[in-house]
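The values are calculated or read from the model by the stated rules, or taken from the named source; none is laboratory data. Fair warning: this is a prediction, and the values are worked out from it, not measured in the lab. Reconstructed Cβ throughout: ideal geometry from the backbone, glycine too, with neighbour counts over all protein chains shown. Protein only, heavy atoms only, side chains kept; ligands, DNA and RNA dropped before computing areas. Shrake-Rupley method; radii C 1.70, N 1.55, O 1.52, S 1.80 Å.
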Amino acid sequence: MKVIITKDYDELSKEAFKVMKDVLDSKKDAVLGLATGSSPEGLYAEMVEDHKKNGTSYKDVVTYNLDEYVGIDRNDPQSYYTFMNDHLFKDIDINPENTHVPYGDTAEDAKKYDDEVKGVDIQLLGIGNNGHIGFNEPGTPFTERTHIVELTDSTREANKRFFDNDITKVPTKAISQGIGTVMDARKILLIANGENKADAVKAMIEGPMSIECPASVLQTHPDVTVIIDEAAASKLTR
Ligand code: F6R
C-alpha cells in the first residue's frame, strides 16, 4: 500500500488526478471505477479542467460506479446517477452509453450489474467514518459481490448533509458493488480528507485485517495508492 499525505484537500485532489491521468494516458479505452460523495469532487473538477484545457478525451473510456441508493429516482437530485452527471459526465466527452451506475432493489438487479463490471483498470474509493468502502458496511464478508445493502445509522447520519440534514430523508438501503467486486480492479486509488476519517484511515492502514473495518481488506491488494490529507492522517503512528 502506497500512502501519500498531502497538506490539504486541494493538494490531495491534484495528486489523485496525477494517478488517474497516468491510467488515462496509458490506455485510451481505460475502464474507470468511480465513487460519489464529497471526497472525489475535487478530483472530478481536476478531470473536467484538464479535459477543457488539454483535451484529454474520454470518448472510448468506460465507467462503472460503486453504488446507488435504493428507493430514489435516477433523476432525483440526490441520486448518485445525478451526482455523476453533474460533477463529471456532463462536462467531458464521454459516451453516456459507456457510463454505468447500478440501479435496482433486487438480488437479480445486483447480479446483473456485477456481471457487467469487468476489467476495471482503476477503482476510485472514498472511505466511510466506519471504514466502509462502497456501501459495504462493517461485517460484510470480503468475498461479497454486488448486493443490496441495509445502510447503518452511522452512514445515514454522515450522509444526511445531502438530505436537508434530516436523517429520516436518507434512504435505508443501497445497491453496492461488493468487496469482492472492488478487489477485482487492477489498481485502487483511495482518497480521504478531514479529521472525521482519521480513525477509519488508521484502522485501514495499521489495523488488523478484519471485516469490522471493510477497507482493511485493501492491505491484501497488490496495487493500492492511498492519498490522504494531514487531518485524515493525524492518527497514524508509522
Ligand atoms: C460513494 C461511496 C462511499 C463514500 C464514503 C465517503 O460512492 O461508495 O463509500 O466514498 O461514504 O463519503 P464522502 O466522500 O462523502 O465522505
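Do we have any residue at all in segment 25-37 that's in a helix (DSSP H, G or I), touching a helix residue (DSSP H, G or I) at 6+ places or on another chain (Cβ under 9 Å) and within 16 Å of the ligand (Cβ to nearest atom)?
no
Consider Lys21 carefully, then state whether it is farther than 20 Å from Gly178 by Cβ, open to solvent by 70 Å² or more (accessible area, probe 1.4 Å) and more than 16 Å from the chain's Cα centre (by Cα). Answer is no for this residue.
In segment 163-182, of all residues being open to solvent by 70 Å² or more (accessible area, probe 1.4 Å) and more than 21 Å from Thr106 (Cβ to Cβ), the one that is nearest to the ligand (Cβ to nearest atom) corresponds to Asn165.
What residue, of Ala16, Ala110, is in contact with a His (Cβ under 8 Å, 6 or more places away or on another chain), within 16 Å of the ligand (Cβ to nearest atom) and not in a loop (DSSP other than H, G, I, E, B)? Explain how you work it out, then say what you get.
On the way: Ala16 fails: in contact with a His (Cβ under 8 Å, 6 or more places away or on another chain).
It is Ala110.
Comparison of Ile122, Ile133 shows that the only residue that is closer than 24 Å to Tyr44 by Cβ and more than 11 Å from the ligand (Cβ to nearest atom) is Ile122. Would you confirm whether or not segment 52-61 contains a residue that is surrounded by fewer than 22 Cβ atoms within 10 Å (Cβ to Cβ) and aliphatic (A, V, I, L, M)? Within segment 52-61, not a single residue is surrounded by fewer than 22 Cβ atoms within 10 Å (Cβ to Cβ) and aliphatic (A, V, I, L, M). Scanning segment 166-195 for residues that are among the small types (Gly, Ala, Ser) and not in a loop (DSSP other than H, G, I, E, B) turns up Ala174, Ser176, Gly180, Ala192. The lone criterion from (1) without any contact (Cβ under 8 Å) to a residue 40 or more places away in the chain; (2) over 21 Å from Ser39 (Cβ atoms) left unmet by Lys90 is number (2). Taken together, the residues in segment 24-55 that are more than 17 Å from the chain's Cα centre (by Cα) and of a type in the set (S, T, N, Q) amount to 2. Can you name every residue in segment 5-27 that is touching a residue at least 12 places away in the same chain (Cβ under 8 Å), among the polar types (S, T, N, Q) and out of contact with any strand residue (DSSP E or B) (no Cβ under 6 Å at 6 or more places or on another chain)? Listed by number, the list holds a single entry, Ser13. Listed by first and then second residue, the pairs linking a residue in segment 35-51 that is touching a residue at least 24 places away in the same chain (Cβ under 8 Å) to a residue that is more than 14 Å from the ligand (Cβ to nearest atom) and not in a helix (DSSP H, G or I), with Cβ atoms under 6 Å apart and 6 or more places separating them unless they lie on different chains, are Asp50/Thr56; His51/Ile92.
State which residue pairs qualify: first residue charged (D, E, K, R) and inside segment 109-125, second residue open to solvent by 70 Å² or more (accessible area, probe 1.4 Å) and in a loop (DSSP other than H, G, I, E, B) in any location, beta carbons under 6 Å apart, and separation of 6 or more residues or different chains. From segment 109-125, the pairs are Asp114/Arg145; Asp121/Arg186.
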